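Here's the structure, in structure tokens; my notes come after.
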Amino acid sequence: MSVLARNLTKTFGAYTALADVSLEIPTGKLVALLGPSGSGKTTLLRIIAGLEFADPGSGRIDFHGADVTDVPAGKRGVGFVFQHYALFKHMTVAENIAFGLTVRPRRERPDRAAIDARVKELLKLIQLEDLGARYPAQLSGGQRQRIALARALAVQPKVLLLDEPFGALDARVRKELRRWLRHFQREIGVTTLFVTHDQEEALELADEVIVMNNAKIEQVGTPQEVYDRPASPFVIEFLGNVNRFATKANPLPGAGSDVLYVRPHDVDILRDYHGEHGVRVRVQHVFSAGNTGRVALVRADNGDSIDAELSRVRLAELNLLAGDEAWVVFRHIRLFPAGGFTERDVATEDATPAIADPGQGI
């Protein structure tokens, strides 16, 4: 089941939550709506679900070519999973999963045996088949979120929508459940859209990422595309840590200065350097815990901060201490001109010589 939303605008008084937003979700794909708080992602999800409606006369929503713009939520065939589970505390796990089936009108309601069989099937699918008689309070956060997912799937929705599904879980459980959901979604093949503000979550889980900011869509692409070829300064800054430097004035009329971005893992540190493109730095702090080492540096010429990420092996080879002097070179950079020219294809790749030359003024 594909989803197509066109030209949606949603305002709450003087506040614009969505400004002429369009998107397409291909059949069977897992798509992430990624953005900071207030970017419009949850409003967009709720409009697709039918829990909110766009401004009068604004846009259209199609499910597999059928117009559902004015169809209420209960008749859209959508399964919705909330961040905080929204399970009924007085019902058992099995009763929670069956709820959407038991409240159907009598003529549409399966018989008891069919409902029980569906619940048993879903409990097995979410790998909690022995917990049907328990109550939500007797389950872990990860188990409750699986139950919420099973309840949404019980009615065999055409589209599955998840609003910050892992936000209430601790980091370890969140990672485990992410992996599980990716495998689960591929197995059942239901078209899925989930909202998140967690960049790692979106890049790890999604087939496609929709990056939102200030009520609009900034970029749509695969995780690899949005990370490696960001369409705007906002995207590159939102998708993980990045070093930001002002460069010399842009020669384009009215453009202002360029801004150069380097990911910490694209910063290499050298004890000694005799080339033309190195930058002299002083070590501020070395963070050696974790899978990778992180080094906080300060440029010797202007005091700008530079963050670098190195392998533990490389960090041990360098044996850096606070106060040490060293050199850095940039392996990969992005360059965006300021002043509204981000729509031009000016991001560069493998251009260390172009930006490390002292004449460039970075």
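The values are calculated or read from the model by the stated rules, or taken from the named source; none is laboratory data. Quantities reported herein were computed from a predicted structural model and do not represent experimental measurements. Positions of Cβ are generated from backbone atoms using ideal geometry, with glycine treated the same way; all protein chains shown enter the neighbour counts. With ligands, DNA and RNA removed, areas are computed over all heavy atoms of the protein, side chains included. Shrake-Rupley method; radii C 1.70, N 1.55, O 1.52, S 1.80 Å.
With a ≥ b ≥ c taken as the square roots of the eigenvalues of the C-alpha gyration tensor of the stretch 1-60, please select rounded if a/c is under 1.5 and otherwise prolate if a/b is larger than b/c or oblate if it is not? Cα axes put the stretch 1-60 in the oblate bin.
With both bridge residues required to lie in the chain, what share of the DSSP beta bridges run antiparallel, to the nearest 5%?
Here the share of antiparallel DSSP bridges comes out near 75 percent.
Taking only protein heavy atoms and a 1.4 Å probe, the accessible area of the chain is 49% carbon and sulfur.
Plugging the Kirkwood radius over Cα pairs into Stokes-Einstein for the chain, at a temperature of 10 °C and a viscosity of 1.306 mPa s, what D comes out in µm²/s? It comes out at roughly 68 µm²/s. Which residue, Asn213, Asn96, Asn291, tops the fluctuation ranking in a GNM of the chain built on C-alpha contacts under 10 Å? Comparing Asn213, Asn96, Asn291 in a Gaussian network model of the chain, the most mobile one is Asn291.
Highest average first, the peptides 221-232, 133-144 ordered by how many other beta carbon atoms sit within 10 Å of their residues are 221-232, 133-144.
Express in whole angstrom the spacing between the alpha-carbon centres of the stretch 1-59 and the stretch 256-277. Spelled out, the Cα-based centre of one part sits 39 Å from the other. Scanning residues 5 or more positions from Asn243 or on other chains, those with amide H under 5 Å from its amide H are Val262, Arg263, with H placed 1.01 Å from N in the peptide plane. Dividing the mean sequence gap of close Cα pairs (under 8 Å, 6+ apart) by how many residues the chain holds gives a relative contact order of 16 percent. Rounded, prolate or oblate, given the Cα gyration tensor of the stretch 83-163, with a/c below 1.5 counting as rounded? Note, shape of the stretch 83-163 comes out prolate. Before rounding to the nearest 500, sum -39500 (n - 2.57) across all DSSP H runs of length at least 4 in the chain and divide by the residue total; then give [θ] at 222 nm in deg cm²/dmol. After summing the helix terms and dividing by residue count, I get -7500 deg cm²/dmol.
Report the net charge of residues surrounding Gly142, where surrounding means a beta-carbon distance below 11 angstrom and charges are Lys +1, Arg +1, Asp -1, Glu -1. Local charge sum for Gly142: +4. Positive contributions from Lys and Arg (+1) and negative ones from Asp and Glu (-1), summed over other residues with Cβ under 11 Å from the Cβ of Phe53, come out at -1. Computed from backbone phi, the HN-Hα couplings of the stretch 27-33 come to 4, x, 8, 9, 10, 9, 9 Hz, rounded to whole numbers (Karplus: 6.51 cos²θ - 1.76 cosθ + 1.60, θ = phi - 60°; Gly and Pro given as x). In a simple Cβ point-charge model (Lys, Arg +1; Asp, Glu -1; nothing else charged), the stretch 87-225 has a dipole of about 740 debye relative to its Cα centre. Take every Cα pair under 8 Å whose residues are at least 6 apart in sequence, average their separation, divide by the length of the stretch 271-325, and the relative contact order is 37 percent. Dipole orientation for the stretch 258-305: of the candidates Pro264, His277, Ala289, Ala289 has the Cα lying most toward the positive pole (charges on Cβ; Lys, Arg +1; Asp, Glu -1). In a simple Cβ point-charge model (Lys, Arg +1; Asp, Glu -1; nothing else charged), the chain has a dipole of about 1700 debye relative to its Cα centre. Charge tally for Tyr85 (other residues, Cβ to Cβ under 12 Å; Lys, Arg +1; Asp, Glu -1): +2.
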